[in-house]
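Report on the following structure.
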Amino acid sequence: MVASDRMLPIARRSAWRDDCLEVVCGIANAGGGRLILNADVDSRGSVKRRTNRIMKSIPPAVDQALGLVCAVELVLDGGRFCLEVVIPPASEPLSYRGVFYFYQDGTNHVLDDEALDRLLQRDLEPDIKWELLPVVQASMDDLNLGLVTRFTGAARDTDLTTDLDETAAIEEALRHEGLMTGVGTPTNAGILLLHDQPQRFIPGATVRIGFFGARGITPIFEDEVRGSLIEQLHGTVELLFEKYLSRMNPFAGSPATGPLPPRDAIHEAILNALAHKNYGSGTPVQVSVFSDRLCIDNVGRPPRTWDVGTLLGRHTSRPNNPSLVTALRSLGIIDGWGNGIGAIRMHCMEAGVPEPLFSLRDDETMVCFPTDNDSLLAASMAPSPHLAPAPVPRTELAAVQVAARAAAMQHETSLTFSDERVLALIDIDGRLTAPRIARNLGVSESTVRRSFRRLRELGLITRIGSDKSGFWQVN
């Protein structure tokens, strides 16, 4: 069973001996923890030669005996300098010289057959999420202090090497948000948010951008955006608009033939991809820019019971990385209410450009923004002003629109295209006014109010509150 941060075992020994490998084995089987050893230091706090030699010998000894990667650090414990061996949780039960150990309540137990069976069956229990796994090769000293202070609110002139009280408060704040373990080691989520080079520890923790031209299979040019997750977000958006979507780019002809997607919509789409990506895949978020579209593709998708219609409609927040999303919400970068897709659609509507096309695959999510008014992609998303729009396939409709069409059929009538578009906007934000909806859709205010009446008569929407301060609720 994986231990919680507050239950992570701590063992103490006076010196490193052969039986310490048994303790390391037991702690790893108990969900990870730390082993504290006495350290020899001089009056100035410098490590003596023998202790320095032991510090260097422990990681290879543990790796050779148990196949674990551990970290050894000099720490202050109870006012004394000690060596701290940070032990990660075992991915499967470990044995040392054929014996299985389990460290619990200050004792390293040898497991009998019944206890071993329970340990071997623990894969049937919920595993600790990837984002909360410790990165034992890193410590808080490796994190970007500016990012740490921004997140925790600590003073920017804090000296983490001398101000122990401030350091302890920072570690507690990071632990509370799932960015650090109970043994002072950054988690995967902590590395993503607070390290300058997360790709050193998390393969594929970057964003790749490529320009493919009209129909290219290989990119004409490409870039890779690195840094903390927040730096990747802002760096990707800046690079896209300064280089890939710039009118000064001789290769990117799309901006000359159609309006660009709004910057806020691209920002929200990149943020969604980074926040909800399956980082265990080792695959970067990929942004592919063609002459007529910009596509953002990431490994990771909403619950498998969701289709595109569910994604487009109102839904609760169901993040793949809850701790990462919680931390981003604490920073004010994400709202955590499941409004990301609605915000993308709203930004596009307000800018007067076609909405993007969303696609869900077995383990991927893709969103494509049209950038060329003459492209087939744009034509499939935005109706021609001269032609009656063809019915949108049900699999590409929000759930509320599917229900609306069914309700209209029961009343032996049908919804106009304006009715459906008004309903879609209300579903995104029920406080939208008729004038604002009219501006977004390019129709008259009277057309919008007629749609309000029809939708209300069909029982599809209800007015909550007064005309001035109330809102529309989709039934």
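Any read-out appearing in this document is the output of simple, stated calculations on the displayed coordinates, not a laboratory observation. Model, not experiment: these values are computed from the prediction. Don't worry about glycine lacking a Cβ; one is built from the backbone with ideal geometry, like all the others, and counts go over all protein chains shown.
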Task: Protection proxy ranking of 169-180, 67-78, 188-199, 135-146 - average other beta-carbon atoms within 10 Å, highest first - done: 188-199, 169-180, 135-146, 67-78
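Determine the shape class of segment 268-308: with a ≥ b ≥ c the square roots of the Cα gyration tensor eigenvalues, call it rounded for a/c under 1.5, and otherwise prolate if a/b is greater than b/c, oblate otherwise.
oblate
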Task: Tail weight of P(r) past 17 Å, computed on alpha-carbon pairs of segment 320-362, percent - done: 49
- [ ] Show which lysines lie in cross-link reach of residue 243 when reach means a straight Cα distance below 26 angstrom and same-chain residues fewer than eight apart are skipped.
- [x] 277
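Near residue 285, within a Cβ-to-Cβ distance under 9 Å, what is the net charge of the other residues, with Lys and Arg +1 and Asp and Glu -1?
Numbers: positive: 208, 277; negative: 297.
Every neighbour counted, the sum reads +1.
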Open item on the list: Around residue 265, under 11 Å between beta carbons, what's the net of Lys plus Arg minus Asp minus Glu among the other residues?
Closed with: -2
Open item on the list: Run the reach check for residue 56 against lysines, Cα to Cα strictly under 21 Å, same-chain hits fewer than 8 apart removed. What comes back?
Closed with: 48
